[in-house]
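Visitor: Input: one structure, supplied below.
We did not get these values from a lab; they are worked out from the coordinates using the rules stated. Just so it is clear, the structure is predicted and the values come from calculations on it, not from any experiment. Note that each Cβ is placed from the backbone with ideal geometry, even for glycine, and that neighbours are counted across all protein chains shown.
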Amino acid sequence: MPKYQIIIDQEKCIGCGNCANICPSSFELVEGKAKPKKIVIAKISCEEEAADSCPVNAISIKKTK
Ligand code: SF4
């Protein structure tokens, strides 16, 4: 089973909140920066949409083994 890792570039994140609004199960804002609620997920649902919504491209989703 593939797994996916959520990575948020803390330097790039401007805290707009898009990711947390679109995908609150996996993203939250902590002190003005987005944090992944889970580092590794088994299945992509809203995470990809959240990554696409990021205005500064701070979110990447990486396939792991
Ligand atoms: Fe940060 Fe991007 Fe999430 Fe906005 S959408 S809070 S810039 S990671």
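Visitor: So what J values fall out for the range 30-35 if you push phi through Karplus, 6.51 cos²θ - 1.76 cosθ + 1.60 with θ = phi - 60°, rounded to Hz, Gly and Pro as x?
Guide: 10, 6, x, 10, 6, 10
Visitor: At 0.36 nm per residue, and after removing the present C-alpha to C-alpha distance, how many nm does the segment from Ile44 to Gln5 gain when stretched out fully? Mind dumping the intermediate values first?
Guide: Numbers: separation 39, 0.36 × 39 = 14.04 nm, distance 0.98 nm.
Gain in length upon complete extension: 13.1 nm.
Visitor: Just how many % of Cα pairs in the chain lie over 17 Å apart, if you round to the nearest whole percent?
Guide: Values: 600 of 2080 pairs.
When all Cα pairs of the chain are counted, 29 percent exceed 17 Å.
Visitor: Then there is this: With an 8 Å cut-off on Cα pairs and a minimum separation of 6 or more residues, tell me the relative contact order of the chain in percent. Could the numbers behind the result be given before it?
Guide: Working: 117 pairs, mean separation 31.6, N = 65.
Once normalised by length, the contact order is 49 percent.
Visitor: Then there's this: In deg cm²/dmol, rounded to 500, what helix-only [θ] at 222 nm does the chain give when every DSSP H run of at least 4 residues adds -39500 (n - 2.57) and the total is split over its residues?
Guide: Values: 2 runs with 12 residues, N = 65.
Computed mean residue ellipticity for the chain: -4000 deg cm²/dmol.
Visitor: Go through Ser45, Gly17, Pro55 and say which Cα lies farthest out towards the positive end of the charge dipole of the range 3-64; charges sit on Cβ, +1 for Lys and Arg, -1 for Asp and Glu.
Guide: Result: Ser45.
Visitor: Same structure, new question: Can you compute 3J(HN,Hα) from phi for each residue in the range 50-59, using the Karplus curve 6.51 cos²θ - 1.76 cosθ + 1.60 with θ = phi - 60°, rounded to whole Hz and x for Gly and Pro?
Guide: Listing the rounded values in order: 4, 4, 5, 7, 6, x, 10, 6, 8, 9 Hz.
Visitor: What's the local net charge at Lys33, with K and R +1, D and E -1, over the other residues with C-beta under 11 Å away?
Guide: Values: positive: Lys12, Lys35; negative: Asp9, Glu11, Glu28, Glu31.
Net of charged neighbours comes to -2.
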